[in-house]
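Notes for the one structure printed next.
The values are calculated or read from the model by the stated rules, or taken from the named source; none is laboratory data. Remember, it's a predicted structure, so these values are computed and weren't measured experimentally. Methodologically, a virtual Cβ is constructed for each residue, glycine included, from the backbone with ideal geometry; neighbour enumeration extends over all protein chains shown. Areas reflect the complete protein model, heavy atoms only, side chains present, ligands, DNA and RNA absent. Shrake-Rupley method; radii C 1.70, N 1.55, O 1.52, S 1.80 Å.
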Amino acid sequence: MRFYWSIVMILLLCSCHDAPSKPNVSGIVSKVKVERFDQAFFSMDTNHLNASLDQLYQQYPTFLPLYFEFLSPINFMVHQQSKSYHDAILSYFRDIRSLYDSVQIKFNDFNPYKKELEQNLRYVKYYFPSFKIPAVYTSVESLNPENKQEIYGALYFRDTLIISLQMFLGAEYSAYDPTLYYDYLRRRFEPQYIVPNALRAIAGELYTDTSQDASLIEQMIEKGKQWYLLDHLLPDTPDSLITFYTQQQLKWCQHNEGNIWASVVATTPDLYTLETDRIQNYLGEAPFTADLQPESSPGNIGQWIGWQIVKKFELLHPGISMHEVLRTPAKKIFQEAKYKPK
């Protein structure tokens, strides 16, 4: 009898787990080299800046111009404020030195994150065999809350991954002004988000969301595909690090899935609406969702709903591959999933 109930419990536990099956990636090589540009930049001798800058350029001939143009205000200071490169670099260097010092204390040893990144890039290589392991640079930049992408702390383009370490110093770090970085944003500025956000940036290039002008339900599903993809690339990562929800918010969503969907349908009878306010209410960064319980609901609930619809569609199509799911039009997924949670 004990054996029987043990089997029943195992089956029940398995039936409650809806994460994708994890492939064996032990034979896949994903050697990552991390360039600590932040350490090199702040090791320059400011008393002999020109010579140090020449040496830094020889070490980073491609990345240094990119850093000056896109990641720091140095080129802006030169071209718009008529400063010399010497004065612009010196001013910038001094302004964010304390930020770098905090980064150095927290991330002097980056090896644990390097190993975690290597492991998860194996899954990227598994699903996308032609994917090239990127060059990885760690960087420190001045805080810029006006840049909506800054909060993710990771940028990927042209086979290059940039990790901005100043965005992972912990929710209580004193430089994160709470009037600019609200509580629901600051809680993400923890080191455990480094690798998930790096994979998020990569996934955004592997599967591009082109649904910006589509209807509400289609945008929900297309954004749900992004989390669906991340779930495959980060199989050992908690959903809280994929969704940015707290554990309490995730539990609330799971326990109230039927009520959430009922509220969406009641407040938005036309799910194919193009109304901007309706779309913004359910998608995008926010502390909560207006039509739901503010004290319990997370923002961006539409992406979570879209994720559930995508998983329901996959469940109804046994044997379908991840790539086939991603290629399936959102409208088709919605129609065939017949999503009606209780």
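Observations on the structure shown:
- Qualifying residue in region 112-133 (condition: touching a strand residue (DSSP E or B) at 6+ places or on another chain (Cβ under 7 Å), open to solvent by 20 Å² or more (accessible area, probe 1.4 Å), among the hydrophobic types (A, V, I, L, M, F, W, C) and within 30 Å of M322 (Cα to Cα)): no
- A search for C-beta distances below 9 Å between a residue of region 233-259 that is farther than 17 Å from Q293 by Cβ and open to solvent by 40 Å² or more (accessible area, probe 1.4 Å) and any residue that is modelled with pLDDT of 95 or more and not in a helix (DSSP H, G or I), counting only pairs 6+ apart in sequence or on different chains, returns D239/Y245.
- Applying the set (1) closer than 30 Å to E118 by Cβ; (2) touching a residue at least 60 places away in the same chain (Cβ under 8 Å); (3) hydrophobic (A, V, I, L, M, F, W, C) to I305 leaves exactly one unmet item: (1).
- Here the condition is being within 22 Å of the chain's Cα centre (by Cα) and touching a residue at least 24 places away in the same chain (Cβ under 8 Å); of F131, F93, it holds for F131 alone.
- When D109 is tested against the conditions (1) open to solvent by less than 90 Å² (accessible area, probe 1.4 Å); (2) farther than 30 Å from Y228 by Cβ; (3) part of a helix (DSSP H, G or I), the lone failure is (3).
- Note on region 134-146: residues that are among the small types (G, A, S) and buried (at least 16 other Cβ atoms within 10 Å of the Cβ) total 2.
- Identity of the residue in region 151-184, over 27 Å from Q247 (Cβ atoms) and in contact with a Pro (Cβ under 6 Å, 6 or more places away or on another chain), that ends up surrounded by the most Cβ atoms within 10 Å (Cβ to Cβ): L161
- Test result for I194, among the β-branched types (V, I, T), in contact with a strand residue (DSSP E or B) (Cβ under 8 Å, 6 or more places away or on another chain) and either touching a residue at least 60 places away in the same chain (Cβ under 8 Å) or surrounded by 23 or more Cβ atoms within 10 Å (Cβ to Cβ) (or both): yes
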